[in-house]
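This report concerns only the one structure given below.
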Amino acid sequence: MGLLDTVLGSVLGGGGSSPMAGVLGQMLGGGGGQGGLLGGLAGGGMPGGAMGSGGMGGGLGGLLGQLRQAGLGSHVDSWTGSGQNQSVSPQELHSAFGEQQVNSWANQAGMHPNDFLSQLSQHLPHAVDQMTPTGQLPDEGTVSV
């Protein structure tokens, strides 16, 4: 069982087999798929070129970089730091990821986009916090689903 499995089970309260767990696992682990969840992000597929082609990859590092570029750096710092996790609103996540990406993730999870964003705003800070207990991103080899 990899770090990501452990984190998802802890954050989502179970074995991590829900549709939300699948999408969150792909976001954090960088597992893209066709039309890729983070595959599109890594390639600069965000509205307004949020990711650009500056070499930011997928997975947790790419996700956090994208959130920083969207103005949520203080949120990310609180999640990866040792203090209290700063909350993030569904609207902030919608702005950071864009309509197309949110709809893709929500569709993958079989949820309405607003419900998906609401759950993501609750689970993402805790998942990132648990994946970065020392304030550092885990090695790629330790993040597995």
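Does at least one position in the stretch 49-61 carry a residue that is surrounded by fewer than 19 Cβ atoms within 10 Å (Cβ to Cβ), in a helix (DSSP H, G or I) and modelled with pLDDT of 65 or more? Before you say what the answer is, go through the steps one by one.
Let us first name the residues in the stretch 49-61 that are surrounded by fewer than 19 Cβ atoms within 10 Å (Cβ to Cβ), namely 49, 52-55, 57, 61.
The next check asks that each one be in a helix (DSSP H, G or I); those that pass are 49, 61.
Checking which are modelled with pLDDT of 65 or more leaves us with 61.
Yes, that holds for at least one residue.
Residue count for the stretch 80-92 under the criterion of being in a helix (DSSP H, G or I) and at pLDDT below 95: the result is 1.
In the stretch 93-115 there is at least one residue matching the filter, namely being part of a helix (DSSP H, G or I), of a type in the set (Val, Ile, Thr), in contact with a helix residue (DSSP H, G or I) (Cβ under 6 Å, 6 or more places away or on another chain) and within 19 Å of Met20 (Cα to Cα).
The values are calculated or read from the model by the stated rules, or taken from the named source; none is laboratory data. Given the structure is predicted, the values throughout are model-derived calculations rather than measurements. Methodologically, a virtual Cβ is constructed for each residue, glycine included, from the backbone with ideal geometry; neighbour enumeration extends over all protein chains shown.
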